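The values are calculated or read from the model by the stated rules, or taken from the named source; none is laboratory data. Keep in mind it's a predicted model, so treat the numbers as computed, not measured. Because the Cβ atoms are built from the backbone with ideal geometry, glycine has one as well, and the counts that use them run over all protein chains shown.
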Amino acid sequence: MGKTKALLKDTVIYGVSSIVGRFLNYLLVPIYTESMPPASGGYGVITEVYAYTAIVLVMLTFGMETTFFRFVNKDDEDAGKVFATTFTLVSMAAGAFVIVAMACLNPISTFLGHPDHPEWVASMILVTAMDAVQAILFARLRYEHRAIRFMTLKMAFIISNVVLNSIYFILLPKLLPEYAAYFGHVGYAFIFNLVCTGGIMLYFVPDILRTKWSFDKALARRMLAYTWPLFVLGVAGILNQVCDKIIFKHIYAPGNITLAEQELGIYGACVKIAMLMALFTQAYRFAIEPMIFGEKRQQDVTQTNVIGMKFFIISTLFGFLCVMGWLDVLRNLFIRDADYWPGLKVVPIVMVAEILMGIYFNLSFWYKLIDKTIYGAWFSLAGCAVLLGVNWFFIPKYSYMACAWAGVAGYGTCVVLSYVIGQRVNPTHYPLADMAVYVAAAAVIFGIMQLVPETWPLWQRTAVNTLLIMAYVALFVRRDVPKEAVETIMKRFRR
């Protein structure tokens with residue numbers, strides 16, 4: 001019970017920062033979609049550029065976050081040396097990337113289809129390099145259980161970024177309508193990201209200067225031997241998330257880039273709503289990864305993993321039902337331009353893919369803890385191959401709907417392979433029957449939601465869906481909340 005409380009506590013802290021922060025960050029979606037209609041293709045440019053940066057970021061960190069947690073929790077390793085070595089390796093990779101990328105700035109800009117705007121690419125090169133370095137600095141905060149500071153820094157970045165974008169894209173055009181032509185340029189989205197990321201980097205400078213540096217070559221070799229399969233796993237994993245956005249305009253309508261960017265913009269905006277599911281997944285990962293690697297006994301590791309898996313399934317299905325039950329409200333909040341709404345049909349599909357990705361992350365501990373990360377590399381490569389195949393063959397006919405289903409197929413493949421092989425190599429007995437009850441309940445409730453007539457007023461549809469969500473909560477309370485806890489809560493409500 002103590003481990004469950006600790007997991008819940010850290011998840012709540014990281015969850016609050018992720019939920020509030022991501023909510024504020026999602027304010028960028030109505031800002032961009034209001035100032036960049038689908039016909040402009042502007043949001044399609046943002047979607048594509050951030051897809052490339054996501055891949056580069058994974059390559060620059062090359063699995064060193066997980067490797068840091070693995071080594072820093074070993075009894076025979078010095079925590080200070082582990083951090084210093086990790087930070088040095090990632091910083092060297094980030095520095096080399098900046099030098100090479102800046103030297104090839106014009107060819108890269110031309111390849112991306114923006115030869116007239118190399119400053120966009122330059123901004124994101126610097127942002128990605130700083131994000132890679134900060135990933136290790138934030139990992140140390142997680143290891144030290146400094147969740148409040150972690151939350152504060154993440155929130156500072158998001159709030160400042162939203163404020164700058166709001167001023168430029170929304171406020172100034174209204175205050176200075178005669179200068180409207182000077183506002184709304186997509187490149188400023190990248191410049192503001194650079195400014196805010198640089199601000200957080202400056203905040204870390206004192207910590208970096210106070211660190212006792214001691215790069216250990218032997219330790220570095222051991223860490224690199226552990227992390228290279230994680231690098232392959234990470235690249236394959238991020239390709240599962242963003243490759244559709246990268247290849248979309250090249251295979252959907254090769255002769256009509258404008259049309260492809262319009263479709264990609266619609267897909268990218270609607271996927272943002274589905275990414276609300278990623279809030280809990282990210283918070284859960286931040287909380288459980290240090291806890292799993294910090295356990296000393298195999299029995300404790302298994303117990304924490306099993307509890308975590310069930311907790312994850314229950315919570316993400318609840319999130320799925322909330323998003324789908326209040327989708328009509330969310331679309332008015334986040335995507336005000338109705339021209340984007342036809343893409344909302346991808347939302348439940350993408351959320352299922354996100355849940356599968358979270359399950360796959362939970363299943364990954366069996367090979368990480370026995371230092372057999374090569375398994376993860378093969379699983380992720382297999383999933384990536386399936387996802388690429390579905391996208392390649394079906395995007396030309398089904399547009400972004402193929403992208404949504406490709407995610408389900410790719411992550412589904414990873415989950416099946418990891419579970420089946422994991423039960424043979426390092427068995428873990430998950431409560432499959434209990435979890436199946438929640439999956440079935442969520443599926444039935446979602447099906448009923450789809451039967452609610454579209455002709456009903458918004459408040460009636462939302463009210464019915466809310467009651468259905470409460471039924472799911474009631475199921476959880478009845479099955480998995482201790483009777484004593486329920487009685488305590490009820491007593492407090494009666495006061």
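Yes or no, residue by residue, for (1) surrounded by 20 or more Cβ atoms within 10 Å (Cβ to Cβ); (2) modelled with pLDDT under 80; (3) farther than 30 Å from Thr227 by Cα:
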site: Met1; (1), (2), (3): no, yes, yes
site: Lys5; (1), (2), (3): no, yes, yes
site: Tyr26; (1), (2), (3): yes, yes, yes
site: Pro37; (1), (2), (3): no, yes, yes
site: Ala51; (1), (2), (3): yes, no, no
site: Thr61; (1), (2), (3): yes, no, no
site: Phe69; (1), (2), (3): yes, no, no
> Among all residue pairs at least 6 apart or on different chains, which show Cβ distances below 9 Å where the first residue, located in region 212-227, is touching a residue at least 24 places away in the same chain (Cβ under 8 Å) and the second is aromatic (Phe, Trp, Tyr)?
Replying inline: Trp213/Phe87; Leu219/Phe71; Arg222/Phe71; Met223/Phe68; Met223/Phe71; Leu224/Phe62; Tyr226/Phe71; Thr227/Phe62
>> Between a residue in region 382-407 that is of a type in the set (D, E, K, R) and any residue that is at pLDDT 90 or above, which pairs come within a Cβ distance under 8 Å, given they are 6 or more apart or on different chains?
In response: none
>> Give me the residue from region 448-481 that is at pLDDT 90 or above and of a type in the set (Ser, Thr, Tyr) and, out of that set, nearest to Val437 (Cα to Cα).
In response: Tyr472
> Any idea which of Lys368, Lys345, Lys310, Lys372 is among the basic types (Lys, Arg) and surrounded by 22 or more Cβ atoms within 10 Å (Cβ to Cβ)?
Replying inline: Lys368
> Within the bounds of region 410-432, is there any residue that is touching a residue at least 40 places away in the same chain (Cβ under 8 Å), in a helix (DSSP H, G or I) and closer than 25 Å to Trp326 by Cβ?
Replying inline: yes
> Say we look at region 83-96 and pick out the residues that are in contact with a helix residue (DSSP H, G or I) (Cβ under 7 Å, 6 or more places away or on another chain), aliphatic (A, V, I, L, M) and more than 12 Å from Leu224 (Cα to Cα); which of these is surrounded by the fewest Cβ atoms within 10 Å (Cβ to Cβ)?
Replying inline: Ala93
>> Just checking: which of the helices (runs of 4 or more DSSP H) contained wholly in region 122-226 hold 3 or more residues that are within 23 Å of the chain's Cα centre (by Cα) and more than 28 Å from Gly80 (Cβ to Cβ)?
In response: 147-166, 187-210
